[in-house]
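Below is one structure, written out as structure tokens, with a few remarks after it.
The values are calculated or read from the model by the stated rules, or taken from the named source; none is laboratory data. Note that this is a predicted model, so its numbers are computed, not measured. Because the Cβ atoms are built from the backbone with ideal geometry, glycine has one as well, and the counts that use them run over all protein chains shown.
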Amino acid sequence: MAKRIDVQDLDIYYGKFKAVEGVSMRIEPRSVTAFIGPSGCGKSTVLRTLNRMHEVIPGASVDGQVLLDDKDLYAKDMDPVAVRRTIGMVFQRPNPFPTMSIFDNVAAGLRLNGVKNRKVLSETVERSLKGANLWNEVKDRLDKPGAGLSGGQQQRLCIARAIAVSPEVLLMDEPCSALDPISTLAIEDLIHEIKEKYTIVIVTHNMQQAARVSDRTAFFNLAATGKPGKLIEIDDTQKMFNRPSEKATEDYISGRFG
Amino acid sequence: MTSVTGVSAPDPSPTSSVASRSTGRLGDRVFSGLSIGAGTLVVVLVLLIGLFLVTQAVPALQRNEVNFLTSSEWTVSGEHPRFGVAGLLWVTVVSSIIAMLLAVPVGVAVALFLTQYAPTWLARPAAGTIDLLAAVPSIVYGLWGLRQFGPVLVPVQQFFAQYFGWIPIFAPNNGLSGNVSTIFVVGVVLAIMILPIVTALSREVFAQTPRAHIEGAMALGATKWETIRTAVLPFGKPGVISAAMLGLGRALGETLAVTIILATLAPGTPWVASLFNGGETFASKIANNAGEFDTPQKTGAFLAAGLVLFLLTFVVNAIARIVIERRKAFSE
Amino acid sequence: MSASTPKQGRPDAAAEDVRTLEATPSCSATRVVERDAEPAGPAGNPRNEGASGHKSGGRAAADVAARIIMWGAFVLAVIPLVWILWSVVSNGLELVGSPRWWSDDAAGTSARRPGGGALHAIVGTLEMAAVTALIAVPIGVLTAVYLVEYGRGRLARLVSFMVDILTGVPSIVAGLFIYAFWVTTLGGQRIPFAATLSLVLLMIPVVVRSTEEMLKLVPNELREASFALGVPKWKTIVQVVLPTAFSGIVTGILLGLARVMGETAPLIILAPYTKYLQGDLFANLMATLPTMINDNRTEVTQAAIDRAWAASLTLILIILAFNLVGRLIARTSKVKA
């Protein structure tokens, strides 16, 4: 489990509009990489290209390479559906399936992909819920609707759902932005625990959060409105927050941005 | 969607157990094929309606010995068929216009009531009540119109005939103004039938009036009515127009209510402008004679009438659609 | 994502906003006071308070008139509904209340012989409705799925346009088309199944539009969540999107059925009436409630007219039941409009 991601010369387009330009970076396995930058700089867009969720939006396309342990995710014979099974994703707003119970939500990925064995399912659900630090809170009401949980519990449910299919990589798109501070803390603790097993990439607006949870940080910025976003630099989080190489990074982090 | 520059594309054999399962490309192809097929079927069906009506009407039209569009005769059997739709067109259009003239103002007012005036506890049940009007089958409207509502309208007809009889459309017409089975009564019943359509669509657009427009007007010290005039009505105008068009389309094609209420005229009765007169619409003509479709020639004549009705409603509905599309383009 | 405003700038701007807001009330208050202190305006009413000080009598009268007109219009619109329901109930209740009405067909009745049952017509109406739904629902739902989940570009616009046109096709034209197709082209007989096909034409657009609305209400996030689990698109639609929209779709189907069950025109062309219980859609004659009303209303005797009213009441009751169930299901809906 846990694989390395190499991004090489990635350009991302919405129709003719170039949203992101020339991104190259390496994301290390068993570590947390944070994407930071002002809104509109394309950090979420880059995140979504890592598991080909980007192309769900009509007219979106990419140019360049994304390698998962040397396998090009954008190779012609690569099926995006298979890519997404290998690289899981957690979204900004918790989005449990409203028609499904807690159990079914976690089992959804397996079930929708054809796993029927009851024993395998319940084992996986328990393991995933434990992995997401949610088991003790919900083990007595697994058959209740997932939508009935609190926001923070819902988000952990979504993380459980994502890790239930045993992905290599876990992408998180501002997973705490809709949560209160206590739930945020629970999620951050969880990230700390599961980075032993997964490669984690997290987009966040909260620089303290980036500093708290990540090992490496990538800073994205855009020159001006209407210009494509760019990766300014990526480095160890310690170094990025103390003495970044680029002036722009320093300005942004110290709040002198713009 | 994706352009690929990579050369390093080794075996994409995935590792985890889930990933090794089918990625559903076949299922995707089958399912999207089915849904595209269903969509295409709808398109084909509408085209087929036009095509069938045209191909089967044309032979009958070729043998027709009078002008189809300007004649009011209707002799469809025998060696010398003579039939035209002028009379049908008149009754159809006039009754539908009466319906629109009555239903649009009332419908818009009801929609304003439901969205702007009704207290919140009343708004929803009231809207449901108006919607119930649409649930009454048209044949029941016919029965009710002929037996219960029509007789009440007769004095109204007589009033118009007596005081406004000098206007051709209100001419007493040999005392037919005292009869229930007139174009006028049909028009009023049609108005009641299309009222829920006009109301529902107008209500929808009025409810979408941006809060900011309304508050902007109110902040200028406008009264409620002035607010409606300056903010709600201009915003909803395209919606009201297309609601009126959809109502018109429904009125043009309404069959049973018209068939039941309206008296047919003896062949050769001269045309008069009066609303206090019998006659037939496209739809009622076809319904009245549905039992007699035996020869292709006869059937063809009725199909030709049906074709004109189809084109008429097509145009009216297309206008409604275009108006509402424009509005969407504006508000998005 | 839109371009960011500079982070630093925001707090300052917000602070300024607050200052302006604080300043405003006092300003306007002084202005109001000044205005009131001025000699009476054209309204000449010293008791008019505050900002409405310039509201003239004419404007107020127009406002009141408008209010009265709106309420009046609503009352006016409710009158026919109440009247129709009253007519149908008062004229039809006696027959509908008799047990025979629900258990017997109309065999043995005639224009002069009162009574009889409506079972044959009720069975026919429900059977036709069921078969109509069986054909129209898959086509309608799949078309809606196409429009919401797959449709792009010109074909999608064309399909959407044609659905609107189909919505506007008069029921008699739908009946004529099926006649031209089934009877004159294929050489078939006028049978109830042909009438069902024309009802299918009328029901498809209702199902498409209501399903489309419901699918649009399903949040995109759910689709994305499913995609991100590596679930193929078709499974996402079948197992996530459609179940989420399920109750809304059922409501749309019931409302569509309610509309189609009252249609009479195509039945007059394609499904001749019979007094006897006959449930075979491919046999020649079959009764439905609309054609039962139509058959009886052409007679002038009281016995027949009574049956027409009673059949009307029955039809309205069935339609209302479908409407009611549809609305109740809509309330339990997972996605709210």
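Quick look at the values:
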item: Every residue from region A:65-82 that is surrounded by fewer than 16 Cβ atoms within 10 Å (Cβ to Cβ) and facing another protein chain (nearest Cβ under 7 Å); result: A:ASP70, A:LYS76, A:ASP77
item: Residue satisfying all of: in region A:246-257; more than 20 Å from A:VAL32 (Cα to Cα) and in contact with a strand residue (DSSP E or B) (Cβ under 6 Å, 6 or more places away or on another chain); surrounded by the fewest Cβ atoms within 10 Å (Cβ to Cβ) among these; result: A:GLU246
item: Residue check, C:ALA321 among the small types (Gly, Ala, Ser), surrounded by fewer than 21 Cβ atoms within 10 Å (Cβ to Cβ) and modelled with pLDDT under 90; result: no
item: Condition met for C:THR274 (surrounded by fewer than 19 Cβ atoms within 10 Å (Cβ to Cβ), modelled with pLDDT under 90 and not aromatic (Phe, Trp, Tyr)); result: no
item: Index of the failed condition, A:VAL62 passing every other in (1) within 19 Å of A:ASP11 (Cβ to Cβ); (2) surrounded by 20 or more Cβ atoms within 10 Å (Cβ to Cβ); (3) without any contact (Cβ under 8 Å) to a residue 24 or more places away in the chain; result: (3)
item: Residues of region C:264-294 that turn out to be in contact with a Leu (Cβ under 9 Å, 6 or more places away or on another chain) and small (Gly, Ala, Ser), as a count; result: 3
item: Answer residue from region A:98-113, given it is in contact with a Ser or Thr (Cβ under 7 Å, 6 or more places away or on another chain) and in a loop (DSSP other than H, G, I, E, B) and is farthest from A:ALA147 (Cα to Cα) among those; result: A:THR99
item: Single condition B:VAL189 does not satisfy, out of (1) in contact with a Phe, Trp or Tyr (Cβ under 8 Å, 6 or more places away or on another chain); (2) among the β-branched types (Val, Ile, Thr); (3) farther than 30 Å from C:GLY326 by Cβ; (4) within 12 Å of chain C (Cβ to nearest Cβ); result: (3)
item: Within region A:218-258, tally of residues that are away from chain C (no Cβ under 12 Å), in contact with a Gly (Cβ under 9 Å, 6 or more places away or on another chain) and small (Gly, Ala, Ser); result: 1
item: Qualifying residue in region C:269-278 (condition: assigned to a helix (DSSP H, G or I) and over 21 Å from C:ARG112 (Cα atoms)); result: yes
item: Unique match (being at the interface with another protein chain (Cβ under 7 Å from one of its Cβ atoms), assigned to a helix (DSSP H, G or I) and closer than 24 Å to A:ILE5 by Cβ) among A:ARG85, A:ARG48; result: A:ARG85
item: In region C:224-246, the residues that are part of a helix (DSSP H, G or I), free of Cβ contacts under 8 Å to residues at least 60 places away in the same chain and facing chain A (nearest Cβ under 8 Å); result: C:GLU224, C:ALA225, C:SER226, C:PHE227, C:ALA228, C:LYS235, C:THR236, C:GLN239, C:VAL240, C:PRO243
item: Unmet requirement for C:ASP104, which otherwise passes all of (1) facing chain B (nearest Cβ under 7 Å); (2) of a type outside the set (Val, Ile, Thr); (3) over 30 Å from the mean Cα position of the chain (by Cα); result: (1)
item: Qualifying positions in region A:51-82 - in a loop (DSSP other than H, G, I, E, B) and either touching a Cys at 6+ places or on another chain (Cβ under 7 Å) or of a type in the set (S, T, N, Q) (or both); result: A:ASN51
item: Out of C:GLY256, C:GLY279, sole residue that is small (Gly, Ala, Ser) and within 30 Å of C:MET214 (Cα to Cα); result: C:GLY256
item: Test set (1) surrounded by fewer than 18 Cβ atoms within 10 Å (Cβ to Cβ); (2) closer than 23 Å to B:LEU311 by Cα - B:ILE194 fails condition number; result: (1)
item: So B:GLU280, is it surrounded by fewer than 22 Cβ atoms within 10 Å (Cβ to Cβ), in contact with a helix residue (DSSP H, G or I) (Cβ under 8 Å, 6 or more places away or on another chain) and either in contact (Cβ under 8 Å) with a residue 24 or more places away in the chain or within 27 Å of B:VAL58 (Cβ to Cβ) (or both); result: no
item: Options B:GLY165, B:GLY128: the member that is over 19 Å from C:THR314 (Cα atoms) and within 11 Å of another protein chain (Cβ to nearest Cβ); result: B:GLY128
item: Every residue from region C:299-318 that is in a loop (DSSP other than H, G, I, E, B) and modelled with pLDDT of 85 or more; result: C:THR301
item: Region C:290-313 residues that are without any contact (Cβ under 8 Å) to a residue 12 or more places away in the chain, paired with ones that are buried (at least 22 other Cβ atoms within 10 Å of the Cβ) and part of a helix (DSSP H, G or I) (beta carbon under 6 Å, 6 or more apart); result: C:ARG297/B:LEU143; C:ARG297/C:ALA308
item: Residue in region A:96-104 that is under 30 Å from A:VAL138 (Cβ atoms), surrounded by fewer than 19 Cβ atoms within 10 Å (Cβ to Cβ) and modelled with pLDDT under 90 present; result: yes
item: Where A:ARG93 falls short, out of the listed (1) of a type in the set (Lys, Arg); (2) part of a loop (DSSP other than H, G, I, E, B); (3) away from chain C (no Cβ under 12 Å); result: (3)
item: Wholly enclosed helices (runs of 4 or more DSSP H) of region C:99-207 bearing at least 1 residues of a type in the set (D, E, K, R); result: C:99-103, C:119-145, C:153-168
item: Residue match in region A:177-196 (condition: assigned to a loop (DSSP other than H, G, I, E, B), more than 11 Å from chain C (Cβ to nearest Cβ), surrounded by fewer than 23 Cβ atoms within 10 Å (Cβ to Cβ) and modelled with pLDDT of 90 or more); result: no
item: Among residues of region A:128-145, those that are at pLDDT 90 or above, part of a helix (DSSP H, G or I) and of a type in the set (D, E, K, R), counted; result: 1
item: Count of residues meeting criterion [in contact with a Lys or Arg (Cβ under 8 Å, 6 or more places away or on another chain) and small (Gly, Ala, Ser)] in region A:3-41; result: 4
item: Flag for B:ALA304 being closer than 28 Å to B:LEU201 by Cα and in contact with a helix residue (DSSP H, G or I) (Cβ under 7 Å, 6 or more places away or on another chain); result: no
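A quick yes/no check of all residues on (1) in a strand (DSSP E or B); (2) touching a Gly at 6+ places or on another chain (Cβ under 8 Å); (3) touching a residue at least 24 places away in the same chain (Cβ under 8 Å):
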site: B:LEU48; (1), (2), (3): no, no, no
site: B:THR55; (1), (2), (3): no, no, no
site: B:ASN67; (1), (2), (3): no, yes, no
site: B:THR70; (1), (2), (3): no, yes, no
site: B:GLY78; (1), (2), (3): no, no, no
site: B:LEU89; (1), (2), (3): no, no, yes
site: B:VAL104; (1), (2), (3): no, yes, yes
site: B:LEU114; (1), (2), (3): no, no, yes
